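> Quick one: the structure is below, and I'll ask about it shortly.
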Amino acid sequence: MSPNKIVKTDAEWRAQLTEFEFEVLRNAATERPWTGEHIDEKRDGVFRCRACYAQIFVSGTKFDSHCGWPSFYDADPEAVTLHEDLTHGMVRTEVRCASCESHLGHVFPDAPQTPTGDRYCINSVSLVFVEDGEQA
């Protein structure tokens, strides 16, 4: 196991997260579209995992995909892991935080307007935004 891995029991996660945060981050639930706090975030900064605070995305990779969730075209490859997700009768690629294995969202290869062609469709509740110049 990597020395940077964060391992906690469900009880420890529940003590740290709200019920809804726990459901999304630990049980792979999804917030309703157009309800997340980061959909319209345009400031310069970084997006961190809400569970462990690992940096996942920089604001320069965020774009408006009109899907109802914050979208990014790139993530630090060491910050996330990708997993096949066959739930809900679909084949998707789940995005998890590499440090704590929390569910962040999914990535789709359907954004040809971006430099990577990818759309990381991420639950706002999975992220914490830190504006440039703020204490991390």
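> Taking amide hydrogens as modeled 1.01 Å from N in the peptide plane, which residues meet the under 5 Å criterion relative to R119, leaving out close sequence neighbours?
F108, D110, A111
> Something else now. First check a/c for the stretch 16-57, with a ≥ b ≥ c the square roots of the eigenvalues of its C-alpha gyration tensor; if it is under 1.5, answer rounded, and if not, answer prolate when a/b is larger than b/c or oblate otherwise.
Details: a/c = 2.50, a/b = 1.27, b/c = 1.97.
Oblate, because a/c is 1.5 or more while a/b does not exceed b/c.
> Go through the cysteines of the chain and tell me which have no other cysteine Cβ under 4.7 Å away.
Lone cysteines by the Cβ rule: C67, C121.
> So for the stretch 10-131, what percent of the C-alpha to C-alpha distances run longer than 20 Å?
On the way: 2714 of 7381 pairs.
Result for the distance tail: 37 percent.
> As a test of the definition: which semi-axes, in Å, follow for the stretch 78-125 when you take the square root of five times each eigenvalue of its alpha carbon gyration tensor? Largest first, please. Intermediate results must be reported in sequence, preceding the final value.
Values: eigenvalues 62, 44, 18 Å².
Ellipsoid half-lengths, sorted descending, are 18, 15, 10 Å.
> What list of ³J(HN,Hα) couplings, whole Hz, do you get for the stretch 120-132 from phi and the Karplus terms 6.51, -1.76, 1.60, once you set θ to phi - 60° and write x for glycine and proline?
Ordered by residue, 3J(HN,Hα) equals 7, 9, 10, 5, 4, 5, 7, 10, 10, 9, 10, 5, 3 Hz.
> Report, by chain and number, residues whose modeled amide H sits under 5 Å from the one on C100, excluding near sequence neighbours (fewer than 5 apart, same chain).
I6
> Any chance you could get the radius of gyration and Dmax over the Cα atoms of the stretch 25-90, in Å?
For the stretch 25-90, the Cα radius of gyration and maximum Cα-Cα distance read 12.8, 37 Å.
A short reminder: the numbers here are calculations on the coordinates, not readings from a lab. Model, not experiment: these values are computed from the prediction. As a convention, Cβ positions derive from the backbone with ideal geometry for all residues, glycine included, and neighbour counts pool all protein chains shown.
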